[in-house]
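Below is one structure, written out as structure tokens; the observations come after it.
A short reminder: the numbers here are calculations on the coordinates, not readings from a lab. Since this is a predicted model, take the numbers as computed values, not measurements. As a convention, Cβ positions derive from the backbone with ideal geometry for all residues, glycine included, and neighbour counts pool all protein chains shown.
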Amino acid sequence: MLPFICGAINMYRNFLLMTIPSWVLCSALYAQSISTEEFSGEMLIKPPTTGWLTNGGDLYNQRYSPLTQINQDNVDEIEPLWHINLDGSGVGPQYSAEAQPLVHEGVIFVITGANDVFAIDVETGEQLWKYEANLDRAISTICCGWVSRGVGLGEGKVFVGQLDGKLLALDEKTGEILWSTQAERWQEGFTITSAPLYYDGMVITGFAGAEYGVRGRVKAYDSDDGSLIWTFYTIPGPGEIGYESWPQTGIAWEHGGATVWQTPAIDPELGLVYFSTGNAGPDFYGGGRPGDNLFAVSIVAVDVETGEYRWHYQQVHHDIWDFDSPNPVILFDANYDGVERKGIVEVSKTGWAYILDRETGEPLIGIEELPVPQDLRQATAPTQPYPVGDALVPQHIEIAPEGYKLVNQGRIFTPFWTEMQLGKPAATGGANWPPSSYDPINQTLYVCATDTTHLFTGGVDESPELGERYVGGVFVRGPTPRAGILAALDVTTNRLRWQQAWLDQCYSGTVVTAGGLLFVGRNDGRLTALDSDDGSKLWEFQTEAGMNTTVTVFEHLGTQYVVAYAGGSLFAQSQRGDNLWLFALGD
């Protein structure tokens, strides 16, 4: 159709009294056509090549690059082409650098923990523009450090979710604010820490704040003007599916938590958007909210056009351990018993992978409901889901540390009350926010996790105040060290392909490539490339700040690049910085 239009313009340009050269108009039309096409659902489910257009690389959140120019044989030859600093943004002690850069048309877009956004030229490292958020220093309802996990792209706009509850659209070429909406108020406990997702004229985002007694929600906005299209509440109200899982008297559901830490995934063919949810509120006092407490600690699917509920799968019933699900969901297609199935997988703080059919929400591999120890004061659930397969982290304590007594060997799902009790996994996981990646060729999931203990205590019946943090108890890091776990899991069997322990916490997202590489950062500033087949280290580079983000792999003008934002993290206790590095094969 486009060649026909351009031909008509050439033929009738004099008749139309056009003063603009026809080739300019055709070029503009072509560019607009390409821009519209590359952000269509059909294109965004394809693995990224010449850019990285969504936080997960594609709508499936696979964080997989099909590029092979850099591979197992030559990765030891990659070197930095340039290194820049991001004007000291987000380097203070309260900040964490957790954002994965996006890349489009030769420009890198990255956001810092201060919510400042930078546009950087791929070829030169030149700063093209900068948006300064100038966040109010009085914001007090931030759970776990000042952070952003990324931006969104679409229709020539950069979409930004801020810690003050605002959602913005910036001009992709200039950084100018095109629209801004107060999506939720931070004074009521809401913040936006995840990267917004563009899809089909909408911007979709979740909200953090479960520790502040909020009712979780995911919203979709019009990408043209920021007007609200739909809202899905992750805690159902009266008359809605799941409401019966909350007390039928009182207002516990209005403060139920189940907020969303990460960017959703979308299946355009099924017309569904998928996300996982956080803890119920308050975390450690379950006696005030008897029932399973849906849709806390769940994988949820809703209609992408309307936000209407489709299905859910709860990973932990009536959570009192903070065993929620901050790791992004990943969509994939794989063969089970000779049948090609549409799958979804999420690894939670429990350390298990939950592998489901994304059409129905039913397990693709068995998940058994097994009895667990009880404490009536915590209104504990009688059973919990146990996925058939391998756990990625230890779920009990082999030997009691000196000075501590173990109850039930500190096993997962052991209840507690007012006396501190040592248990595994820790409330921080298991798998936390650092994104996992998935290789669709060998059907392997790569997960960064942590093996450590926590001292759990609860039993404090608190009444929430607007904008006040309440958790119903405290959790304290246990006496054992925080060891990292990096693991590769076969999603067709839920069995480990390989697993390795680190001396330090694993707190960086992973990206896997068709070149047989797995990129993952380290708290001490190293960026490493591993053999995705067995986890052996092939290359490393010191980035001069905690490498706690996720790299982005892309091709520009025939050259494959790796871009890394190294800025450190509050949780990983790593050195802060504002370093952006671009790598490629040396001459």
Q.
Need one number: % antiparallel among DSSP beta bridges in the chain, to the nearest 5.
A. 95 percent
**Q.** Residues whose placed amide H lies under 5 Å from that of residue 453, excluding near-sequence neighbours
**A.** 478, 480
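About the Cα centre of the chain, how large is the charge dipole given +1 on each Lys and Arg Cβ and -1 on each Asp and Glu Cβ? Please answer in debye to the nearest 20.
On the way: 32 positive and 73 negative charges, 165 e Å.
The calculation lands at about 800 debye.
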**Q.** Tail fraction, Cα-Cα pairs, the range 195-243, threshold 18 Å, whole percent
**A.** 40 percent
Q: For n ≥ 4 DSSP H runs only, could you compute -39500 (n - 2.57) per run for the chain, divide by its residues and tell me the 222 nm figure to the nearest 500?
A: -1500 deg cm²/dmol
Q) Taking amide H positions as placed 1.01 Å from N in the peptide plane, with prolines and chain starts having none, which residues 5 or more places from residue 530, or on another chain, fall under 5 Å of its amide H? A) 518, 519, 520, 538
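With only alpha-carbon pairs counted, each pair once and no self-pairs, how large is the Kirkwood hydrodynamic radius of the range 288-394 in angstroms?
Values: mean 1/r = 0.0672 Å⁻¹.
For the range 288-394, inverting the mean 1/r across all distinct Cα pairs yields 14.9 Å.
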**Q.** Hz values of 3J(HN,Hα) by residue in the range 157-169 - Karplus curve (6.51, -1.76, 1.60), Gly and Pro given as x
**A.** 10, 10, 9, 10, x, 10, 5, 8, x, 8, 10, 10, 10
Q) Over its Cα atoms, what ratio of radius of gyration to 2.2 N^0.38 Å does the range 322-445 give? A) 1.21
Q. Using a basic spin-label model with each label point 7 Å from the Cα along Cα→Cβ, how many nm lie between residue 411 and residue 500?
A. 3.2 nm
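Give the order of 149, 185 when sorted by the count of other beta carbons within 10 angstrom, beginning with the fewest.
Working: 149 27, 185 15.
Least to most surrounded, the residues fall as 185, 149.
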Q. Tell me which aspartates and glutamates have Cα within less than 15 Å of residue 405's Cα, excluding those fewer than 8 residues away on the same chain?
A. 419
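How much length is gained on full extension from residue 419 to residue 360, taking 0.36 nm per residue of separation minus their Cα-Cα distance?
Details: separation 59, 0.36 × 59 = 21.24 nm, distance 4.14 nm.
Working it through step by step, the gained length comes to 17.1 nm.
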**Q.** Relative contact order of the chain, defined on C-alpha pairs under 8 angstrom at six or more residues apart (%)
**A.** 14 percent
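Report the relative contact order of the range 514-587, percent, no decimals, based on alpha-carbon pairs under 8 angstrom and at least 6 residues apart.
Working: 174 pairs, mean separation 19.1, N = 74.
Relative CO of the range 514-587 lands at 26 percent.
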Q: Give, in nm to one decimal, the length gained when the segment between residue 126 and residue 542 is fully stretched (0.36 nm per residue of separation minus the Cα-Cα distance).
A: 147.6 nm
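Over the Cα atoms of the chain, Rg to Rh with Kirkwood Rh, two decimal places? Let's see the in-between values first.
Values: Rg = 23.6 Å, Rh = 24.2 Å.
A ratio of 0.98.
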Q: Provide the per-residue ³J(HN,Hα) series for the range 102-113, in order, calculated from phi with Karplus coefficients 6.51, -1.76, 1.60 and θ = phi - 60°, each as a whole number of Hz, with x at glycine and proline positions.
A: 9, 9, 8, 6, x, 10, 9, 10, 9, 10, 9, x
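What is the magnitude of the charge dipole of the range 461-587 about its Cα centre, with +1 placed on the Cβ of each Lys and Arg, -1 on the Cβ of each Asp and Glu, and no other charges, expressed in debye to the nearest 20?
With Lys and Arg at +1 and Asp and Glu at -1, about 260 debye.
Find the all-direction average of the projected area of the Cα convex hull for the range 210-338, expressing the result in square nanometres with one decimal place. Walk me through the numbers before you get to the answer.
Values: hull surface 37.0 nm².
Quarter of the Cα hull surface area: 9.3 nm².
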Q) When the Karplus curve 6.51 cos²θ - 1.76 cosθ + 1.60 is applied with θ = phi - 60°, which whole-Hz ³J(HN,Hα) does each residue of the range 203-220 get, with x for Gly and Pro? A) 10, 10, 8, x, 10, 8, x, 4, 6, 10, x, 8, 9, x, 6, 10, 10, 10
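Pairs to check: 166/219; 219/342; 349/424. Give those whose C-alpha atoms are more than 19 Å from each other in this structure. Each step should come with its number before you reach the end.
Working: 166/219 12 Å; 219/342 25 Å; 349/424 10 Å.
With Cα atoms farther than 19 Å apart: 219/342.
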